[in-house]
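Everything below concerns the one structure shown next.
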Amino acid sequence: MVDNRKSPRKFDEEFKKSIVKLYESGKTQNALANEYGIALSSIARWVKQYSEVKMDDDTILTARQIKQLQKRNAQLEEENLILKKAIAIFTPRSTND
């Protein structure tokens with residue numbers, strides 16, 4: 001008995017980025033899927049992951065970098081809140097308050 005199921009293909013990061021560049025230059029996800037034999041869901045995920053955003057200072061960030069920055073920002077905000085609460089607890093109150 002022969003197993004006809006296809007095993008998932010592995011694509012390197014450069015290939016994924018080149019597909020995203022083709023998409024950004026005007027090719028549709030359907031056209032790319034047909035031309036390269038890639039699942040639409042993979043292309044959509046790569047576009048989300050590797051699309052670039054140009055900032056005001058000409059810095060270019062990928063969606064992955066933005067997500068990492070958002071996560072780090074949330075972590076810093078939580079740490080800041082904890083420190084503010086600690087200051088409120090440990091700061092002696094004057095009797096004039």
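The values are calculated or read from the model by the stated rules, or taken from the named source; none is laboratory data. Fair warning: this is a prediction, and the values are worked out from it, not measured in the lab. Virtual Cβ from ideal backbone geometry, glycine too; neighbours counted across all protein chains shown. Side chains are part of the model used for accessible areas, which takes the heavy atoms of the whole protein and leaves out ligands, DNA and RNA. Shrake-Rupley method; radii C 1.70, N 1.55, O 1.52, S 1.80 Å.
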Proximal lysines relative to LYS84, as straight alpha-carbon distance under 30 Å, when same-chain residues fewer than 8 apart are discounted: LYS67, LYS71
Top of ALA74, ALA33, ALA86 by mean-square fluctuation, Gaussian network on the chain, Cα under 10 Å: ALA86
FRET efficiency estimate (nearest 0.05) - Cβ-Cβ, LYS17 to ARG72, R0 22 angstrom: 0.40
Efficiency of FRET from Cβ geometry, MET55 and ILE87, R₀ 30 Å, rounded to 0.05: 0.35
Qualifying GluC sites (Glu not before Pro) in the range 43-85, DSSP loop, other Cβ atoms within 10 Å at most 10: none
The chain, relative contact order [Cα under 8 Å, separation at least 6], %: 16
Rounded tilt (10° steps) of 40-50 against the dominant C-alpha axis of the chain: 40
Helix-only CD estimate at 222 nm, as mean residue ellipticity for the chain, using -39500 (n - 2.57) per DSSP H run (n ≥ 4): -20000 deg cm²/dmol
Within a Gaussian network of the chain (alpha carbon springs, distance under 10 Å), most fluctuating of ILE19, ILE66, ILE82: ILE82
Apportionment of accessible area to carbon and sulfur, the chain, percent (1.4 Å): 54
Spacing of the two label points (7 Å from each Cα toward its C-beta) at ARG9 and ARG45, in nm: 1.5
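Based only on Cα atoms, what mean projected area does the convex hull of the chain have, in nm²?
Here the figure is 13.1 nm², rounded to one decimal.
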The range 23-53-the range 60-97 distance, computed between alpha-carbon centres (Å): 38
